[in-house]
């Protein structure tokens with residue numbers, strides 16, 4: 001089964017997720033006691049997050065949604081009741 005290549009916005013979103021997770025991981029490492037390593041991981045991840053946000057913003061707007069045209073039902077003429 002072939003996998004289609006990811007589009008630019010999809011890659012940007014995944015980069016946002018990875019760098020955001022890295023920033024949280026760096027903060028966790030800093031809180032656990034190894035502050036120097038945690039600081040470097042956090043700074044590197046935040047720089048990557050800035051790049052990812054820039055790349056995501058430059059990827060442009062999403063394609064407009066195309067809605068199916070609704071078919072309007074024709075109004076039926078009421079039959080006039082003729083009473084004699």
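The values are calculated or read from the model by the stated rules, or taken from the named source; none is laboratory data. The structure displayed is predicted, hence computed values, not measured ones. No Cβ is skipped: glycine too gets one built from the backbone with ideal geometry, and neighbour counts run over all protein chains shown.
Condition first: modelled with pLDDT under 90 and not in a helix (DSSP H, G or I). Can you find one or more residues in region 48-60 that meet it?
yes
Taking the residues in region 1-16 that are at pLDDT below 85 and surrounded by 11 or more Cβ atoms within 10 Å (Cβ to Cβ) as candidates, determine which candidate is farthest from residue 60 (Cα to Cα).
My answer is 6.
Mind checking which pairs have a first residue in region 58-79 that is within 30 Å of residue 16 (Cα to Cα) and a second that is surrounded by 10 or more Cβ atoms within 10 Å (Cβ to Cβ) and modelled with pLDDT under 75, Cβ under 7 Å, 6 or more apart or different chains?
From region 58-79, the pairs are 59/8; 59/9.
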